[in-house]
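Colleague: Below is the structure I would like to discuss, written out as structure tokens.
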Amino acid sequence: AEHYLARMQAHTRLGAYVAVNEEATLAQARAADAALATGTAGPLAGVPIAHKDIFVTRDFPTTAGSRMLAGYRSPFDATVVTRLADAGAVTLGKLNCDEFAMGSANENSAVAPVGFDAPAPVRNPWDTARVPGGSSGGSAVAVAARLAAAVTGTDTGGSIRQPASFCGITGIKPTYGRASRYGMVAFASSLDQAGPMARTAEDCALLLSALCGPDPDRDSTSLDRPAEDFGRSLNDSLAGLRIGIPAEFFGEGLAPDVRAAVDGALKEYEKLGATLVPISLPRTELSIPVYYIIAPAEASSNLSRFDGVKFGHRAKDYTDLVSMYKRTRAEGFGDEVKRRIMIGTYVLSHGYYDAYYLQAQKIRRMIADDFQNAFKSCDLIAGPVAPTVAWKIGEHGSDPLADYLADIFTLPASLAGLPGMSLPAGFGEGGMPVGLQLIGNYFSEARLLNAAHRLQ
Ligand code: GLN
């Protein structure tokens, strides 16, 4: 823990951490030492980890990357935080992220990182002029720059897989419902899912086994599936494995350098005895409009709780209750969050609900059906995580559509609730890391981690 705390202080320029509490960290580390000495240690005893600042924590402030939660301290820990602590992990701090997890580059955080007085971009350690990806950008940077042994992230439409890809690390989003959402600041509840990010699939398996499991009293969508040892089949042979290659993931939009790295990884799978099977996910392109209707719709509802009464920020000057709501929300939310609230309330409004929201829900079902159709001829699906390597900070400027379009390969699995992961595949333009995405059928996390481990 001391080693990582010192490293993190030496590399504050990367902007990965937004909160530290040395005293709390060292107390947890001493408790882990004691547990190891008395033989009562959990499977992660003493492992220094850090959490995306979207999980509420008692020992650290929680901001979700927003001014709206400035100064907020949760009276309880998120279930994922509790589970990892119960397994013995030591928490180093909280990690930067896009405001309410909305973003693909960590450029939407309104919070000053540790060592800064004002918000500053999170920097990709492979090239500090580039973004780390998002929304779990601080999480990916912390692992890539060795500022934590492993971390948590959340993935609503790609926020674990895409930053893992951009920073050359490994991350997995489990099947929707595997991990409890209790204490995860809600973005789009039917999509939000927690998962680990680490150097390797093996490390991810260790964390995932600790953080998953039913939480029926606190998250009504948590599945009644006992925690598993997701690392049980890491070394299984891949001989005979059928890997589906969706034609729609290899079209025009895919940068040649990313394609070359992904193709290279697929060749390695063939050498390991797997066969590549051409498949089709015909509604891949529709996943962008569908996601950017459903996620903002749910967000607009979830974010209504930030009204200046119960949490965090409250405007100083107001005349009556309505003006207090209005000013608090105008001051507290950033541009991207406001954009999503506007879109969300619009698509849910009377007269437009059928044309947008309902239509999107129907296509969401078809996207899920397309996957089931594909899994008739393959065991798992492989492709790129993102169409390009990490872009330059500021390159997408004020064009939110540029960010949205870059989510094309991660959104389909999110909409279907399927497990997906990113693992390092090679390098592309500018020597930047390229991730390979693996998507499995429901509850196939152990299989995905096995396939990833065999390539590492
Ligand atoms: N980039 C997507 C968005 O902005 C996904 C974010 C996420 O998975 N949290 O909504």
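Laboratory data are not the source of any read-out in this text; all were calculated from the coordinates shown. Everything numeric in this text was worked out from a predicted model, so none of it was measured. In this analysis, Cβ positions are derived from the backbone assuming ideal geometry, glycine residues included, and neighbour counts consider all displayed protein chains.
Colleague: Among rounded, prolate and oblate, which fits the stretch 291-375 when a ≥ b ≥ c are the square roots of the eigenvalues of its C-alpha gyration tensor, a/c under 1.5 means rounded, and a/b larger than b/c means prolate?
Modeller: It comes out prolate by the Cα gyration axes.
Colleague: Please compute the length gained on full extension between Phe116 and Arg7, using 0.36 nm multiplied by the number of residues separating them and subtracting their Cα-Cα distance.
Modeller: 37.6 nm
Colleague: For the pair Met366 and Tyr346, what calculated FRET efficiency results from E = 1/(1 + (r/R0)^6), where r is the Cβ-Cβ distance and R0 = 25 Å, to the nearest 0.05?
Modeller: E(calc), rounded to 0.05, equals 0.60.
Colleague: Quick check on packing: order 142-151, 343-352 by the mean number of other C-beta atoms within 10 Å, highest mean leading.
Modeller: Most protected by this proxy first, the peptides run 142-151, 343-352.
Colleague: Run the quick spin-label model on Glu270 and Ser377: label points 7 Å from Cα toward the beta carbon, then report their separation in nm to one decimal.
Modeller: Modelled inter-label distance: 1.8 nm.
Colleague: Using helices alone, I'd like the mean residue ellipticity at 222 nm for the chain: each DSSP H run of four-plus residues gives -39500 (n - 2.57), total over residue count, nearest 500.
Modeller: Calculated mean residue ellipticity at 222 nm is -10500 deg cm²/dmol.
Colleague: Can I ask one more? How large is ³J(HN,Hα) for each residue in the stretch 320-336, as worked out from phi by the Karplus curve 6.51 cos²θ - 1.76 cosθ + 1.60 (θ = phi - 60°), to whole Hz, x for Gly and Pro?
Modeller: After applying 6.51 cos²θ - 1.76 cosθ + 1.60, I find 9, 4, 5, 5, 5, 4, 4, 5, 4, 6, 5, 7, x, 8, x, 4, 5 Hz.
Colleague: Okay, next question. Taking the alpha-carbon distance from Lys173 and a cut-off under 20 Å, which lysines remain once sequence neighbours fewer than 8 residues away in the same chain are dropped?
Modeller: Lys173 reaches Lys52, Lys94.
Colleague: To continue, here is another question. Going by the alpha-carbon gyration tensor, a ≥ b ≥ c the square roots of its eigenvalues, is the stretch 370-456 rounded (a/c under 1.5) or, if a/c is not under 1.5, prolate (a/b greater than b/c) versus oblate?
Modeller: Oblate.
Colleague: With r as the distance between the Cβ atoms of Ser304 and Arg73 and R0 = 25 Å, compute the FRET efficiency 1/(1 + (r/R0)^6) and round to 0.05.
Modeller: It comes to 0.70.
Colleague: Tell me the trypsin sites (Lys or Arg not before Pro) within the stretch 46-139 that lie in a loop according to DSSP and have at most 16 other beta-carbon atoms within 10 Å.
Modeller: Arg58, Arg73
Colleague: Name the residues whose placed amide hydrogens come within less than 5 Å of the amide hydrogen of Leu436, ignoring near sequence neighbours (fewer than 5 apart) on the same chain.
Modeller: Result for Leu436 returns Leu423, Ala425.
Colleague: Hey, quick one: spin label on Glu395, modelled 7 Å out along Cα-Cβ, who in the stretch 133-154 has an amide N within reach, i.e. under 15 Å?
Modeller: 133-134
Colleague: Considering only the other residues whose Cβ falls under 15 Å of the Cβ of Leu415, what net charge follows from Lys and Arg at +1 and Asp and Glu at -1?
Modeller: Overall, the nearby charge balance is -2.
Colleague: Where in the stretch 1-110 are there chymotrypsin sites (Phe, Trp or Tyr not before Pro) that are in a DSSP coil and have at most 14 other Cβ atoms within 10 angstrom of their Cβ?
Modeller: Sites meeting the loop and neighbour criteria: Phe76.
Colleague: Could you work out how far apart the two model spin labels at Ala330 and Ser190 are, taking each label as a point 7 Å from the Cα in the direction of the beta carbon, and quote it in nm?
Modeller: 3.3 nm
Colleague: Could I ask something else about it? What ³J(HN,Hα) values, in whole Hz, does the Karplus curve 6.51 cos²θ - 1.76 cosθ + 1.60 give for the stretch 363-379 when θ = phi - 60°, with x put for Gly and Pro?
Modeller: 5, 4, 4, 5, 4, 5, 5, 4, 5, 4, 4, 5, 6, 6, 10, 8, 8
Colleague: Now, a different point. Under a straight-distance cross-link criterion of Cα-Cα below 17 Å, which aspartates and glutamates are reachable from Lys338, leaving out those fewer than 8 residues away in the same chain?
Modeller: Filter leaves Asp98, Glu99, Glu107, Glu298, Asp307, Asp399, Asp403.
Colleague: I'd like to compare 105-118, 418-431: which one has the highest average count of other Cβ atoms within 10 Å, and what's the full order after that?
Modeller: The peptides rank, most packed first, as 418-431, 105-118.
Colleague: Let me ask something additional. With θ set to phi - 60°, apply the Karplus curve 6.51 cos²θ - 1.76 cosθ + 1.60 along the stretch 447-456 and write out the HN-Hα couplings as whole Hz, x wherever there is a Gly or Pro.
Modeller: For the stretch 447-456, the Karplus-derived couplings read 5, 4, 5, 4, 4, 5, 4, 5, 8, 8 Hz, x marking Gly and Pro.
Colleague: Let me ask something else. Which of rounded, prolate or oblate describes the stretch 2-211 when judged by the alpha-carbon gyration tensor and an a/c cut-off of 1.5?
Modeller: rounded
Colleague: Based on the mean of other beta carbon atoms within 10 Å per residue, what is the order of 209-221, 193-205, 435-447, most packed first?
Modeller: Descending mean neighbour count gives 193-205, 435-447, 209-221.
Colleague: With +1 on each Lys and Arg Cβ and -1 on each Asp and Glu Cβ, and nothing else charged, work out how big the dipole of the stretch 2-211 is about its Cα centre, in Debye to the nearest 20.
Modeller: The dipole magnitude comes to about 220 debye.
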